[in-house]
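Presented below is the structure to which this report refers.
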Amino acid sequence: MSCGEPHETDCSEVLDHLYEYLDQEMPETDREKLAEHFDECSPCLEKYGLEQAVKKLVKRCCGHDDVPTDLRSKVMGRIDLIRAGEQVPDQAVLDTSGYSHGDPSAQPGQAPATAAAPPPPSAEEPGGSGPAASVRRTVR
């Protein structure tokens with residue numbers, strides 16, 4: 001993706017590192033370059049706002065799940081195998097039968113409750129119009 005305008009940091013590079021930026025997993029100098037790019041580039045700012053909103057929605061809807069106690073040790077064991085260059089077994093890390101995602105009160109085999117997505121912001125909402133305004137409305 002490119003907006004067609006010249007930037008110090010290319011749009012494709014910014015979007016390649018968008019999740020690192022969102023998760024604050026990059027050096028501060030790189031974060032500053034991306035922030036400057038978002039100030040200059042409406043399409044990338046819009047993409048950033050969308051991904052930020054999705055991340056917040058996922059956290060809100062799925063952030064309360066209880067993780068089975070043995071999952072971490074199994075995942076770490078597989079990571080150790082991969083790092084050691086050993087063959088990783090082709091089997092599931094976790095048996096999810098009987099585990100109901102998102103609803104600890106649900107009975108095994110029962111469909112989990114679904115969360116409704118928030119309504120899109122209205123055009124009359126304060127904050128102006130255009131891509132930056134839509135991002136501001138989305139990430140509030």
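The values are calculated or read from the model by the stated rules, or taken from the named source; none is laboratory data. Everything numeric here is computed off the predicted structure, so don't read it as measured data. All Cβ positions, glycine included, derive from the backbone under ideal geometry; neighbour counts span all protein chains shown.
Computed quantities for the displayed model
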| item | result |
| --- | --- |
| Residues satisfying the stated conditions in the stretch 1-35, i.e. in a helix (DSSP H, G or I) and more than 18 Å from GLU51 (Cβ to Cβ) | GLU28, THR29, GLU32 |
| Residues of the stretch 44-74 that turn out to be exposed (fewer than 13 other Cβ atoms within 10 Å of the Cβ) and of a type in the set (A, V, I, L, M), as a count | 4 |
| Filter result for ALA84 (at pLDDT 85 or above and surrounded by 13 or more Cβ atoms within 10 Å (Cβ to Cβ)) | no |
| Residue in the stretch 4-21 that is at pLDDT 90 or above, under 19 Å from LYS56 (Cβ atoms) and loosely packed, with under 11 Cβ neighbours inside 10 Å present | no |
| Qualifying residue in the stretch 24-43 (condition: within 24 Å of LEU57 (Cβ to Cβ), buried (at least 17 other Cβ atoms within 10 Å of the Cβ) and hydroxyl-bearing (Ser, Thr, Tyr)) | no |
